Each structure stands twice: as C-alpha cells, then as structure tokens.
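Q: Handing you a structure now.
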Amino acid sequence: MGQNSQDSFYITTPIYYVNAEPHIGHAYTTIVADVIARFYRLSGFETFFLTGTDEHGDKVVEAAEKSGETVKSYVDRISTIFKETWPKLNIKNDYFVRTTDKSHQDTVSQILSKVYAKGDIYFSSYEGKYCIGCERFYTDTELVQGKCPIHLTEPKIISEENYFFRMSNYQDWLKDYITTHPDFIRPQRYRNEVIAFLREPLEDLCISRPKTRLSWGIPLPFDDNYVTYVWFDALINYISALGYPDGDLFKKFWPVAQHIIAKDILKPHGIFWPCMLKAAGIEPYQHLNVHGYWNVNMGKMSKSLGNIVKPMDLATKYGLDAFRYFLLRDMVFGLDSDFTEESLVKRFNADLANDLGNLVSRSMNMVVKYFDGKLKPPSQFKEEDILLQNASYKVIEEYKNMMKEFTFHKALIVVWELIGRANKYIDTMKPWALAKQDQERLNTVLNTITEVIKIVSVMLWPFMPHTAEKIQHQLGLGMVGVKLPLDSLKKWGETQSVGPISKAPPLFPRVNPVREPKRAPLDIKKLTEQGLQGTKSSGFPSDRGKPEMEEKMKEESGLVSLEDFQRLDIRVGTIKEADTIPGSKKLLRLVVDIGEERTIVAGMAAYYQINELINKQVIVIANLVPVTLMGVESRGMILAAEDEKGVYLLIPDKESTPGSPIK
Ligand code: MSP
C-alpha cells in the first residue's frame, strides 16, 4: 500500500465499554461513522473505519463480578455482542479493535516506555476524588455539589502512590495548537469548552493503578506492581489498530485521522489524547467531531429508569434504513436530541413514504406505463429541465460540503429540497397530459426525472444503502450506480441505464402513527435554545455565519426567517368528532386526525354547524404548547381566515392524507 494520504480517510468511534450492551447512543455514533465512511468511499477515497471495545478498568471488573462470570469470559461475551450488532445495522467497519488484543497491549507498553524514557512520567503519592463510573479523578471545581456531574454519585477519596504523566508540560502547546487550528475540535461549542478548560492550570494525569487494587489491566513496562489507567490504555487504540509505528496503515491513515465522540468524553479526547500524542512524538489527529446526547422523552437514558432504547428493536420494527435516516436527520450534530418513536414515525411517513417513496414510485410507474421501461436519449431540454438540472448540481455541491463538515441533517435537508423540487416538476410538467400530445417531450421530461432520482439515490447511499441500491436497481443501473464516484455525476445523463426501468413495491409503505403519552410538550423557548431537535429546522446558531447579526436584523425588520417558519409543524388534518363545550358559546371541542388523533379547541361555534365539520379537512399547527380552555386541553391550532363577516377554515385544495406536512 502506498504512503500517500491525500485521498485517504480514517474515521474512528469511541471504543465502547463492555459493561453494558449496545443502545441507541452507541448505535448513533457508529452509524454516523459508517455514513461518513461510505461518503468518502463513494467519493473515491481509500477509507479505514475503526470501532471496537474498551475492556479494562474498574467498571468492567465490577460488571463481570455482577454477572458471575470470569472477567475474561465476560469481556469476550459482551465484546462479541458489540461486534455482531454492527453488521446487523449495515455498518461496515474495516477493523474491530479490543484493548485485550495482544497487539494493542504491546503498543500501549511501547508508548509508555517512550514517554517514560523522555522523562514525562514520574512517581508520586496522590490523594483525590475518584468516580468509578468515569474511571477518573475529579477536581473540586469539576464536581457539582460534591458529586460527579455525569453519574450524580459522590466520588470516593482515594489515596495512593502512582505514576503521573506530565500533561502540564503540554498545556501551552495545546492551547496554541487549538488556536491555530480552528476546526481541530468541532463544532465550535466544544472547541470553546476545551479552550475554557485550558485557561486553568492543567494537572498532571495519574496513569497507573496499583495491582493490589486493580489487576485487570496492561502492566506498566517499568513497574510490574502497576497496571495502566484505562484511559491512557484506551486512547492508544486509535494508533495500535493501524500498526503503529511502522505499519503501512499507520503511515497512510494517521495523517488524516478523524475521531467521532459524544460530549461525555470530550476531556480525554480534547486534552489527554493530544498531549499524549505530542509526548510520544506523534502528530495530532486531524479533527475531533463531537456530537450531543440522545435523551429519551426529554430525560436521560438509563438502566435504572428502564428507558434504554435498543437499536435492533427499532431497526426490526421500522426497517433499518428508516432507522438510520431518522437518527441522522433528527439530530443536529453537536446538540442533544430527544428520541421518541412518535417522531420517528412522523418522519417515516412524511419524508420517506410521502416525499421520497412517491417520487420514486410515480416516476417509475410512468416510465413503465408510457415507454415500457425503456427511455430514449433526451432531445432538446427546455428551461424548466435546465433549472432542475442546475438545482441538482447545486445540491450535489452543498451536500458534499455539508457531509465534510459533519452537518448531516443539513445534507439531508438539501437532498429533500431536491426531492421536493422533482415532485413539483412532475406536477407542473404533467407527464400524463404529455402522454396524449407529445411523446418526444414526455421522453425528455421522464429522462430529467430519472436523472434526478439517480442523483438522489447516490447521495442517499451513505445513509440508506439498501434503499439507494433498490432505487438504482429499479432504474436499471445494476450495481454500476452504487460505485459511482460523486464527482462523475457532473454530467447530466452520463450514466445510462444498463437495463429497463422497472416497477417495484413501495419503498416505504406508510406506518400507523404511535402515541407517546409521556411525551413532554414542545416548549418553543427550550427548543430555540437547544436548536430545535425533533422539528424540521436545523436551528444551530453557531453553524450559520453571523447569528447575532441575523437575529438583530430579524428583530428590527419584524421579518420571520425560513428557519422560524420551519419550526412550526403544520399538517393536514381531518376532523373526526366535533362537540360543543358546556358553558361556552364560542368554543368547540374537535378531535382531528393529523396522522395521530388530537383534541383541539377552536373558536368557531358561531360560524360552523357541528355536522358540517365532520370529515372536513383542515390545516393544523401541531407543535404548540398545549393550553387548557374551559377545562379542555387543546393540543394544536386550526388555521382560519377572519374578516368582519366571519371565520373561514383553510382547506386543502384536494383531499390529502391526514398528517401530510405543509411546507
Ligand atoms: N470506553 C470509553 C471510550 C474510550 S475511547 C478511547 C467510553 N465508552 S462508552 O461505552 O461509555 O461510550 C461512550 C460513547 O458512546 C459516547 O461518547 C457516544 O459516542 C456513545 N453514547 C453513549 N450514550 C450516548 C447517548 N445517550 N447519546 C449519544 N451517544 C452516546 O466512554
């Protein structure tokens, strides 16, 4: 293998502790790594994707003891569960590292010896506050009311003699490095957090544990009475897996290393690890990409609360691709997100069944119906076709940039904008009418549509590989489509079908809405601070140029930005029940199907008869904070126009599926 890193890409996930089985948080990080690895593979990069398990330390020993197994058989069992889960989620890692691997242990010893020889490790006594959950000592300022901020438990006071890594030697270097490399840690908020931390003097890092207290670990090469602190051991996996120092993989991939982690392990990755690398004479990684936490129904996920979301359950219930799509689309990379099955189903029906599914099925059906699946090369393009082509090229460029910046939700938003445009193009071109008048034009229009679908399928492949492959198969592209490098999409119509276009069952048959009774209401204030997870908008201020200025302009002009508008969840609803409310002359209690049933109180008793409302379609704002009116809780608002003569319901032009989004 050559040593040129230019067209190479290396991505890692944290190596997960084997004290618990994989849940949606682990699945998210590993799917993100898979998506970005597939994107780079698709773009022609030689890619290496690493994940694995972290198998040393107190936490793992404690879990093994609880399970009644020997530590070795316990770590083997749980590590296998992780290893076998990833392929089931269509995750294609190139290697799975275990910290109990001999090759990993040898690399750890080698690094320790190197840093020791350099004089950056010393022996000293220490007393500190130690959280077993985090496997680390805490300073008083880091504790919250004396407790670990993550586990909310009081740390143990531990006093012992240990080895220390002179991390303080590297504080100035690290500060300087982060300042001169603005996207070393991204998004910005996490870079700022690390910089803030570095304003305080950095303490040296305790990197050993006496064997008398913990024997399950990698022995220190210079003192057999001690094992290596689990973080010093674990971080080294990122280079041991590449065959540091002489392996070809190391030479090729380390210069382009990118890590993905969640915010919980920012300090070890943003501070310990770069200092360790510097001390060992190794170049720092290229980027640390930090995402937020998945919460469940607005709360933390935990075993004791019994709300752990298991990835395989959801993938089995809704299909793997829908699950992958949901995770990447719903979370703004960098911010926390609230997981609810209800929002998964909403996205499934709106984005996948409606927008994407309909585009593909109606288009393929028309090609089969009008041309028996065989399109001829297009003739003269008209302005509308060229507009759609140009929009597609623009989206490809935006998509590529957003993927490289790890703003996956934005990449998906632009792809969906293109899907929306293609659907509109069909509505405007009316191929069914052309079929009666102009076969040549019909052929060009359908060529334009299938080309957009092809482009969409390629951009979707990293997220939804099965779906993209199915679409490409229907397009008659065989396996050619999957391997298309993104750059070759530059020429309209370059990749011709190798076979006829065919019909197929719907990609995403609609699923029934779920109700989540425990779901907390959407609180606009909180959502705005948090960046609007669970709604359509990205709302990530630090992602968008000059947020303060934008805010100010908005305030002054009274204008509403597109993002403000997209915060609203507006849907078509069908009124199922209508009733008066005792004691009120104005208000009616309505039950409206908006993909799920909602009770809504509306002030229209004076303008509409109850029986004329039943089965009427209306437009509903679905994500307002509930209010109680005359003792009835109203969860939504029905849109109506008002003038001096009365109130008029806004009604869709044609019968639409309840729950269809208004965009
Ligand atoms: N073993 C260490 C990592 C060592 S890396 C050299 C560790 N393991 S862990 O099992 O606790 O995994 C933490 C990581 O799992 C997070 O950084 C994140 O990638 C993922 N997640 C675990 N829970 C999560 C959520 N609730 N939400 C999102 N991701 C989270 O720390």
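Q: Output the lone cysteines of the chain: those with no second cysteine's C-beta under 4.7 Å from their C-beta.
A: Cys206, Cys275
Q: Something else: Please compute the Kirkwood hydrodynamic radius over the chain, one decimal place, Å, based on all pairs of different Cα atoms.
A: Answer for the chain: a Kirkwood hydrodynamic radius of 27.8 Å.
Q: Let me ask another. In the chain, what % of DSSP beta bridges are antiparallel (nearest 5)? Can you show the working numbers first?
A: Numbers: 48 of 72 bridges.
Counting DSSP beta bridges with both partners in the chain, the antiparallel share is about 65 percent.
Q: Long-range amide H contacts for Ala257: which residues qualify at under 5 Å (H placed 1.01 Å from N, peptide plane, sequence gap of 5 or more or a different chain)?
A: Answer set, sorted by chain and number: Gln286.
Q: Could you list the square roots of 5 times each eigenvalue of the Cα gyration tensor of the range 568-649, that is, the equivalent ellipsoid semi-axes, sorted largest first and rounded to whole Å?
A: 17, 15, 13
Q: Evaluate the charge dipole of the range 339-490 about its Cα centre and quote only its size in Debye, nearest 20, assuming +1 on the Cβ of each Lys and Arg and -1 on the Cβ of each Asp and Glu.
A: Details: 20 positive and 18 negative charges, 59 e Å.
Value, rounded to 20: 280 debye.
Q: Can you grab the distance from the C-alpha centre of the range 573-619 to the C-alpha centre of the range 636-650, Å, no decimals?
A: 13
Q: If I take every Cα pair under 8 Å that is 6 or more residues apart in the range 141-279, average their sequence separation and divide by the length, what percent do I get for the relative contact order?
A: Details: 119 pairs, mean separation 32.3, N = 139.
Reported as a whole number, the value is 23 percent.
Q: For the range 568-649, what is the relative contact order in percent, using Cα pairs closer than 8 Å and at least 6 residues apart in sequence?
A: 30
Q: Could you go through the range 421-434 in sequence order and give the Karplus-derived ³J(HN,Hα) for each residue, using 6.51 cos²θ - 1.76 cosθ + 1.60 with θ = phi - 60°, rounded to whole Hz, and x for Gly and Pro?
A: 4, 5, 4, 5, 4, 4, 4, 6, 6, 6, x, 4, 7, 4
Q: Then there is this: Counting helices only, and only those DSSP H runs with n ≥ 4, report the 222 nm mean residue ellipticity of the chain as the sum of -39,500 (n - 2.57) divided by its residues, in deg cm²/dmol to the nearest 500.
A: It lands at -12000 deg cm²/dmol.
Q: Report, in degrees rounded to the nearest 10, the 0 to 90 angle that the Cα long axis of helix 465-474 makes with the longest principal axis of the chain.
A: The angle comes out near 40 degrees.
Q: Find the centroid of the Cα atoms in the range 86-112 and in the range 425-440, then give the distance between the two in whole Å.
A: Using only Cα atoms, the two centres lie 56 Å from each other.
Q: What percentage of the solvent-accessible surface of the range 568-649, computed with a 1.4 Å probe over protein heavy atoms, is contributed by carbon and sulfur atoms?
A: 51
Q: Suppose every Lys and Arg Cβ carries +1 and every Asp and Glu Cβ carries -1, with no other charges. What dipole size does the range 205-319 come out with about its Cα centre, to the nearest 20 debye?
A: 480
Q: Could I ask something else about it? Within the range 35-129, how many Lys pairs sit with Cα atoms under 20 Å apart, leaving out pairs fewer than 8 places apart on the same chain?
A: Lysine pairs, 8 or more places apart or on different chains, close enough: 8.
Q: Students often check this: by mean Cβ neighbours within 10 Å, which of 418-429, 329-340, 67-78 ranks highest, and how do the rest follow?
A: 329-340, 418-429, 67-78
Q: Now a separate question. What accessible area per residue, rounded to a whole number of Å², is obtained for the chain using a probe radius of 1.4 Å?
A: It amounts to 44 Å² per residue over the chain.
Q: Got a sec to turn the phi values of the range 401-409 into Karplus ³J(HN,Hα) couplings, 6.51 cos²θ - 1.76 cosθ + 1.60 with θ = phi - 60°, whole Hz, x for Gly and Pro?
A: 5, 5, 5, 5, 8, 6, 9, 5, 4
Q: Restricting attention to the range 370-402, which chymotrypsin sites (Phe, Trp or Tyr not before Pro) occupy a DSSP loop and are surrounded by at most 12 other Cβ atoms within 10 Å?
A: none
Q: Okay, next question. Under the rule of at least 5 residues apart or a separate chain, name every residue whose amide H is placed under 5 Å from the amide H of Tyr126.
A: Residues meeting the criterion, in which the H sits 1.01 Å from N, are Glu160, Glu161, Asn162.
Q: Name the trypsin sites (Lys or Arg not before Pro) in the range 559-629 that are in a loop by DSSP and that have at most 16 other C-beta atoms within 10 Å, would you?
A: Those satisfying the criteria are Lys585, Lys586, Lys616.
Q: What fraction, in whole percent, of alpha-carbon pairs in the range 199-354 exceed 26 Å separation? Can you show the working numbers first?
A: Values: 6021 of 12090 pairs.
Result: 50 percent of Cα pairs exceed 26 Å.
Q: Additional query: In percent, what relative contact order does the range 339-490 have, based on Cα pairs under 8 Å that are 6 or more apart in sequence?
A: With pairs under 8 Å counted, the relative contact order is 25 percent.
Q: Would you grab the residues whose amide H sits under 5 Å from the one on Gly52? Only those 5+ places off in sequence or on another chain, please, with H modelled 1.01 Å from N.
A: Placed amide hydrogens put Tyr16, Val97 under 5 Å from Gly52.
The values are calculated or read from the model by the stated rules, or taken from the named source; none is laboratory data. All of these numbers come straight from a predicted model, not from anything done at the bench. Cβ: placed from backbone, ideal geometry, glycine included. Neighbour counts: every protein chain shown. Ligands, DNA and RNA are excluded from the accessible area calculation, which covers all protein heavy atoms including side chains. Shrake-Rupley method; radii C 1.70, N 1.55, O 1.52, S 1.80 Å.
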